[in-house]
Amino acid sequence: MTAADVPFWRRPWPRRVALVGPAMGLIIGFMVLPLVLMLIYSFLTRATYGGVIWELSTESYVKFLFERDLDDSLIFNEAYLSIYFRSFWLAGVTTILCVIIGFPTALYMALQSPARKNLLVFLVTIPFWTNLLVRNYAWVLMLRREGLLNGMLMGLGITDQPIPMLYNDTAILIGLTYSFLPFMVLPIYASLERLDFRLVEAAYDLGANRWRALRRVVVPLCMPGIAAGSALVFIPCLGAYVTPDVLGGGKALMIGNLIQQQFGASQNWPFGAALSFTLLAIVLLAMVLYALRFGREQALARV
């Protein structure tokens, strides 16, 4: 039978298109087209009472760094840039805290028996069963002046008056760390579970103590898991909205809150779209750097 005798639907390319087509259609319809629409809106002109005027303009991107004076001259404005830097700082500290807490937790899980490993993974995933908004309001009840933590501190005699724990950067860091900690624990645990612990025993035989074996053997071999967990924590933290809004009380804006304000109260859709695409560009840059740094190592490890 020649290639011409094979029915069209049994040829390789039509079969591949039929298999991949539905998934590609969903990706294009629910991800690519909305992003293209957002990109178009970022280059349009803001209407007076919300919406857009279909006139091309780069004013939204200019407004990110500058504001116009009465004579229409541009003056540098660091307000929006400071919110971005503040978001990066909070996301970076949250990632570091998640690594500090998540790595020992994942290492402990990896050293347990198979049955206990499954139980611990189950316990780590339990917070996902509850809505994020409900979990953040639970922290409000714990951190407020009359909350559980202040009550414990005053009951133990550590303080004689309530400590302001809510509606500040500390509360946001606590909420972000709690919310994204499982995204750090699980990738590190996946790397440690595949680790050949005979290498650690060999390090002991060569004279290494526990700290040196951990630093020179365990940590380098699970670095792809740490990097994946860092990406899964850092990138969503940049666009976090619920936690800064609830635990920050609207006083401490992050990028997600700023974008929401532009689409909501400010009714400046082009500027909100420009802020969204600026954040998207930063996230894509971070993902490219991650792929360049760890993609080659993972490919060599498979070989």
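Side notes on the structure shown:
- Candidates per GluC sites (Glu not before Pro) in region 144-250, loop by DSSP, up to 10 other Cβ within 10 Å: Glu146
- Fraction of C-alpha pairs exceeding 30 angstrom in region 83-302: 37 percent, rounded to a whole number.
- Mean projection of the Cα convex hull over all viewing directions, computed for region 202-303: 9.6 nm².
- Sorted largest first, the principal axis extents computed over the alpha-carbon atoms of region 128-254 equal 55, 37, 25 Å.
- When exposed loop sites are taken as trypsin sites (Lys or Arg not before Pro) in a DSSP loop with at most 16 other Cβ atoms within 10 Å, the longest stretch of the chain clear of them is 1-144.
- Residues in region 25-32 carry Karplus couplings, in order, of x, 5, 5, 5, x, 9, 10, 5 Hz; the curve used is 6.51 cos²θ - 1.76 cosθ + 1.60 with θ = phi - 60°, and Gly or Pro positions show x.
- Mean separation of Cα contacts under 8 Å, 6 or more apart, over the residue count of region 83-302: relative contact order %: 27 percent
- Restricting region 34-122 to GluC sites (Glu not before Pro) that sit in a DSSP loop and have at most 12 other Cβ atoms within 10 Å of their own Cβ leaves Glu55, Glu78.
- Region 145-210 pair-distance distribution - Cα-Cα, 5 Å bins, rounded %: 3, 13, 11, 11, 11, 9, 9, 9, 10, 10, 3, 0
- For region 103-155, the average shadow cast by the Cα convex hull is 5.3 nm², which is a quarter of the hull's surface.
- For region 63-104 and region 221-261, distance of Cα centres in Å: 12 Å
- Prolate/oblate/rounded label for region 74-190 (Cα gyration tensor, a/c 1.5): oblate
- Residue among Pro187, Pro104, Pro224 with the largest mean-square fluctuation in a Gaussian network model of the chain, springs linking Cα atoms under 10 Å: Pro104
- Sites listed here are chymotrypsin sites (Phe, Trp or Tyr not before Pro) in region 24-70 whose DSSP assignment is loop and whose Cβ has at most 12 other Cβ atoms within 10 Å: Tyr49, Trp54.
Any read-out appearing in this document is the output of simple, stated calculations on the displayed coordinates, not a laboratory observation. Everything numeric in this text was worked out from a predicted model, so none of it was measured. As a convention, Cβ positions derive from the backbone with ideal geometry for all residues, glycine included, and neighbour counts pool all protein chains shown.
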